[in-house]
Structure formats: C-alpha cells, structure tokens
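The values are calculated or read from the model by the stated rules, or taken from the named source; none is laboratory data. Because the structure is predicted, anything quoted here is derived from the model rather than measured. Glycine gets a Cβ as well: all are built from the backbone with ideal geometry, and neighbour counts include every protein chain shown.
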Amino acid sequence: MKPEEQQALQTWLALEHEAVWLYGQVGARVRDLAGAARASYDAHRTERDHLLTTLHAAGATPVGPQLTYGDELVSNVRQARAAAADLEHRICAACVTVVGLAGRAGRTRAVAGLRAAALAAIDWDADPQAFPGLR
C-alpha cells in the first residue's frame, strides 16, 4: 500500500471514530433520533473495524479516537441532524480521496463507503449532492 493511500485511509478512519462517538451522543441525548442513531452507530462501527483491520494488515499503526469531539453538537434534534449530515459529508470527501489513490479492492470499498455516507447524509436531512464529497 502506498503511503498516500495509507494516509487517506487514516483520515477516513479518524472520521469513522468521530462517527461512532457522535452517534453514541445523539442516541443518548436526543430521544427522537435514538433508533436512527443506533443504526448509524452500528454501520460506522463496522466500517471503523474494517479500516482498522486493513491498516493493521498493511503494517500501519491506525490512528486512534480523540478523547472527545465536543458536547455542544447534540443538544436537540436540529443540531444533531446538522452535525450528522456534516460528518457524513466529510466522510464522503475522505472516501473520494481514497478512490483516487487506492487499488481496485480499495476503490471498491471506498466507493461503497462514499455511497453509504452520501445516502446517510440525506437520511440526516442534508440536501442531495450531484457529486458527494466534492464540495
């Protein structure tokens, strides 16, 4: 794996760590979104674990999660939806970068991640984008 691809995967992994944290916060703090937050939490935890495995297999030391990402983001439904949509858009951008750097298997996985994040952003009330990840 090229160093550029490895760095792009690390960036994506950092966002997956943030997603696991964010959706845990949303589920715990915003009762009306608990079900959606649980589904998103599970999906991002699975993706995070895959990225950890991929980076370990490449001999890299995966980036770890931050201690916190900010409590003020999820005090109500509107803020939680906005934070989730923003994070999903940032994951789209990370996936686009991986698509440009990875080999066939990595591109396939990144395109699947891009699709999942783009659809999740819409589920969290973001406007659809013609080319997700290319703001």
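Taking the stretch 25-58 as the range and being surrounded by 19 or more Cβ atoms within 10 Å (Cβ to Cβ) and under 18 Å from residue 69 (Cα atoms) as the test, the residues that pass are 25, 26, 27, 30, 37, 40, 41, 44, 48. Number of residues in the stretch 59-85 that are in a loop (DSSP other than H, G, I, E, B) and surrounded by 11 or more Cβ atoms within 10 Å (Cβ to Cβ) equals 9. Checking 88, 47 one by one, the residue that is acidic (Asp, Glu), assigned to a helix (DSSP H, G or I) and farther than 15 Å from residue 13 by Cβ is 88 and no other.
Selection of first residues in the stretch 54-72 that are in contact (Cβ under 8 Å) with a residue 24 or more places away in the chain and of second residues that are part of a loop (DSSP other than H, G, I, E, B), restricted to Cβ pairs under 8 Å at least 6 apart or on distinct chains, gives the following pairs, ordered by first then second residue: 55/61; 55/62; 58/1; 60/1. Restricting the first member to the stretch 86-97 and to residues that are over 11 Å from residue 124 (Cα atoms) and free of Cβ contacts under 8 Å to residues at least 40 places away in the same chain, and the second to residues that are of a type outside the set (Ser, Thr, Tyr) and in a helix (DSSP H, G or I), the beta-carbon pairs closer than 7 Å and six or more apart or on different chains are 96/114. Filtered by the rule that a residue be modelled with pLDDT under 95, of a type in the set (Gly, Ala, Ser) and farther than 26 Å from residue 128 by Cβ, the stretch 59-100 gives 70, 75. Considering only the stretch 124-131, I want to know if a residue exists there that is modelled with pLDDT of 95 or more and either surrounded by 15 or more Cβ atoms within 10 Å (Cβ to Cβ) or hydroxyl-bearing (Ser, Thr, Tyr) (or both). Within the stretch 124-131, one or more residues are modelled with pLDDT of 95 or more and either surrounded by 15 or more Cβ atoms within 10 Å (Cβ to Cβ) or hydroxyl-bearing (Ser, Thr, Tyr) (or both).
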